[in-house]
Amino acid sequence: MQVEVSRRKFLQGSVAMSIVGGSSIGVTNLLASHDEKEAKTSITTKTGTGEAKEVATLCEMCVNKCAALARVENGVVTKLNPNPLFPKSKNMLCPRGNAGIQALYDPDRLKHPMIRVGKKGEGKFKKVSWEEAYEAILNGTDKFTGMNKILDEEKDNRSSFLFCAGEGMAEHTFKTFYSAFGSANWLNHASLCLQTVISGYGVTLGGYPQADLDNAEYVIMAGANRAEAIVTPDTMDIFKRTKRRGAKLICIDPRFTNTAAKADKWLAINPGTDLALVLALTYVVITEELYDKKYVSESFNGFDEYKKSVVDNKYTPEWAEKITNIKAKEIYKIAREFMAHAPKSVYYPGRRSTFSNSDFQLRRAMAIFQGLGGGIDTKGGLVFGKKLKLGKHAGIEPIYAQAQGRAVDDASNKVKGQAPYNDCAIVSGGGSWVAWRNRYLEDRMPYKVRGMFIYKHNPMMNMPNTQKTAQMLEKMELVVAIDTMPSDTVMYADVVLPECTYLERTDPVKTFGGIEPSIAQRNKVVDPMFETKPVMEIMRGLTEKISKPIFDITKKYDEDVQDEIKDSSEEEVYAEFDLTKPFEHSQEEVNEHMVKGLYGEEAVEALKKHGVFYPDMDKYFKQVSANEHQYYPEKKRYYSVNGGKPKTKTKKVECVISNLSTKGVDSMPMWKDEYNFNVPNGKFRMLTGRHAQFTQSGTSNNAVLRDLMPENYLWINKRVAEKKHIKFGDMIEVSSSVGKTRIKAYPTEKIAPNQLFFVHGFGEESESLTWAYKNGGNDNAVIEDIIEPVYGAASMHETNVEIRKV
Ligand code: SF4
């Protein structure tokens, strides 16, 4: 087995990748080239061999899924260009997107199936065939227990297996396997990411809205570090269009970030106190009667009660100043300015992890504040947009009588007004990862969970308290990891199934809602390298191996199935439990099926050739200047889809949700003393965040991106550093009650004296990652496993740490 492109040759190619945007191919030519059966001749070659083709795909270097056109020469991807046809990415491919070629040609990639031969976590594996890997999953080896034994001993309790996945277009395919398998234990990235944002806006406005930054006049951006943490096309829009039009941007962040530098005003807030700020802004708007009275009377539920709470609790700007460290006069000013521009003003909903224990109520307060100006489902405000329909791809969901419900920890006394679970108040579909892991380690499970499947997910790096995650993976009897890279988590797997990278596969077609909705498809650019496979094929092979044997276990323990077999035949009953069924067809066939019936053959062809489709695309799409395109004419855009109302059942902004109080959660946003920001002397509040060149730990080994940012640094206040004789580049040990990490110092005035910051995603321990191994500090090694009380999301900014120069 060989890497088909040498590291040196690849790095030469990377020169071409560093150019952002700027496709030199005109739209007319581009469309013409796609219309040809073989697009070879119209594409400029890099190597001058004269043979090149272009394939429309979607980027997977972050969650945004920008559209790209991959240039392929002699079977090698030599360049990724932006695809101008996709409304969501507007002819942009960021540096990280360009570095996607390195994800394909990374010499460290997982290349073939492997089974563990050493100790858990040691990273010693044996290369095996796919058949041997499937056999090991089913029947185990001398090192680990197989699925057959676990299910038999657990009497067909399918929930004795946990399934977890990271974000990605093929997550859907993996989840299809989970549903057919019949476990109730599903955990995804939500509780380590956007859970409180999605839920807070969901219950208050009926959906997670998008900000119409093209038309907003005033934007408050709090905790969303767009210019530094995620430079997607909509980030570019904020600075290229919104600011250029003269819209005002207020940045609220504990640190002086790149977003702060580009804003009209930066207000340094104490970490975790945003809720106090929003309550004070609300106080000003209510007491000065600046709100849109007509909108509030028609579209609010519980406004009087909320108003009374805000006023009676005296959430004044003076009160908030003491908590947030933002001057009261600034709070008055922002509240007035925001409402003066309403409804074309936006309190940006944010796109970040949960930082504090008040995060759910913060999101509710932000949504309500936005509603006070009437800027909901309207141009220049928060919008819901439209989603184009897709057909269905049916999976199977057999009923397993022996399968238990989700492994939760019920509160012993289920009393109205108290949280129903010992960990948090509400269990969402994605669950609470940290709470689940801790319950498992503390034997607080209602039954035994003994095996787990991990898809494109790195809990060793992405979840607070790395040590506990390692203990969980060690305790689990069978760990199957499906991934492209030998991550820290993969090191703890018993069976490793290598997935091909996104440039080597077609993924499920996806609909992208918004003001300018479209459907897009990631098409396979080149064949999978080595012995890797797309998850659809991995699932096909796995289910062919395990389906019948584990049905035999169901047959043994499930009396309903036994009765059914008596009444009909085993063959007929097995058909309902046949796990291979959802994976019978290729992804290309499934995608065609999901589109053709609704939009016809034209859509199927457009998605294959252009990667993008929406009705009337031919008519609407126009190039309007060198790098600007029209996707929908102004009149056809979906600024408003609900008559200017929220999308809740009542079509109203829900200020008071009494159902929450039955679960021990405040029915409306309120401040609690325990939310105050406190750091003991000699300690620092640990802050974490992302950097635009890296996507969590998923890109940590990307050599091209490491050229742009070689490692992460510890931001420490310059004056504090001087007192401690810490200079730039000194190695510092950061420690907390849960662990330690080492990282080089970056003294700066851009952070307050009692806070520290470093970028997430560095400091991996897997020796198989040439560039990421022990490179920089791992934030989750020191972040404590504190969970916010409503959805059990990980509270990332609640940990105090100490430092020591080493
Ligand atoms: S923002 Fe960059 S990394 Fe993310 S999908 Fe777009 S091009 Fe890829």
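Readers should treat all values here as calculations from the given coordinates under stated rules, not as data from a laboratory. Source: prediction; values computed, not measured. Note: ideal-geometry Cβ built from the backbone for every residue, glycine included; neighbour counts use all protein chains shown.
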Hey, if you put +1 on the Cβ of every Lys and Arg and -1 on every Asp and Glu Cβ in the stretch 665-795, which of THR699, SER768, ASN754 ends up farthest toward the positive end of that dipole?
-> ASN754
Both in Å, the radius of gyration and Dmax of the C-alpha trace of the stretch 596-649 are 14.8, 44
For the chain, build the charge dipole from Cβ charges (+1 Lys, Arg; -1 Asp, Glu) around the Cα centre, then report which of ASN591, THR506, VAL801 sits farthest towards its positive end.
-> VAL801
Checked the stretch 501-609 with the C-alpha gyration tensor, a ≥ b ≥ c its square-rooted eigenvalues, rounded below a/c of 1.5, otherwise prolate if a/b is larger than b/c and oblate if not; verdict prolate
Taking 0.36 nm per residue of separation and subtracting the Cα-Cα distance, what length does fully extending TYR773 through ASP618 add?
-> 51.0 nm
dims of the stretch 259-304, Cα set, principal axes, largest to smallest, nearest Å -> 39, 22, 18
So ARG245 and SER737, fully extended at 0.36 nm per residue minus their Cα-Cα distance, gain in nm 172.3 nm
So what is log10(I(q)/I(0)) for the stretch 496-549 at q = 0.14, 0.18, 0.24 1/Å, when the Debye sum runs over its Cα atoms only?
-> -0.51, -0.70, -0.91
With R₀ set to 51 angstrom, the calculated FRET efficiency between the beta-carbons of ASP152 and ALA626, to the nearest 0.05, is 0.20
Of all lysine pairs in the stretch 538-635 that are eight or more residues apart or on different chains, those with Cα atoms under 27 Å apart total 24
Distance histogram for the chain (every C-alpha pair counted, 20 angstrom bins, percent rounded to whole numbers) | 15, 48, 34, 3, 0
Where Rh is the Kirkwood radius over Cα pairs, Rg/Rh for the stretch 378-478 | 1.08
Taking a straight Cα-to-Cα line shorter than 15 Å from LYS805, and setting aside same-chain aspartates and glutamates fewer than 8 residues away, one finds GLU722, ASP730, GLU733
If you look for lysine pairs in the stretch 651-718 that are eight or more places apart or on different chains, how many of them have Cα atoms under 25 Å apart?
-> 5
Starting from the Cα-Cα distance between GLU749 and GLU602, subtract it from 0.36 nm times their residue separation and give me the gain in nm to one decimal.
-> 47.2 nm
Tell me, what HN-Hα J-couplings in whole Hz come from the Karplus equation 6.51 cos²θ - 1.76 cosθ + 1.60 at θ = phi - 60° for each residue of the stretch 398-412, using x for Gly and Pro?
-> x, 9, 9, 4, 8, 6, 7, x, 3, 6, 10, 10, 4, 5, 4
Which shape class, rounded, prolate or oblate, goes with the stretch 611-713 when its Cα gyration tensor gives a ≥ b ≥ c as root eigenvalues, a/c under 1.5 marks rounded, and past that a/b bigger than b/c marks prolate?
-> oblate
Where GluC sites (Glu not before Pro) fall in DSSP loop in the stretch 555-664, at most 16 other Cβ within 10 Å = GLU584
Do any trypsin sites (Lys or Arg not before Pro) in the stretch 244-287 lie in a loop, going by DSSP, with at most 10 other beta-carbon atoms within 10 Å of their beta carbon, and if so which?
-> ARG244
Mind checking which of MET147, ALA407, LEU267 is farthest towards the positive end of the chain's charge dipole, using Cβ charges of +1 (Lys, Arg) and -1 (Asp, Glu) about the Cα centre?
-> LEU267
For PHE512, other-chain or 5+-apart residues with amide H closer than 5 Å (H placed, Pro excluded) are LEU388, SER518, ILE519, ALA520
Pairwise label distance in nanometres, LYS635 with ASP673, each label 7 Å out on the Cα-Cβ vector = 6.2
Integer Hz, Karplus 6.51/-1.76/1.60 couplings in order for the stretch 83-90, x for Gly and Pro | 9, x, 7, 9, x, 5, 10, 6
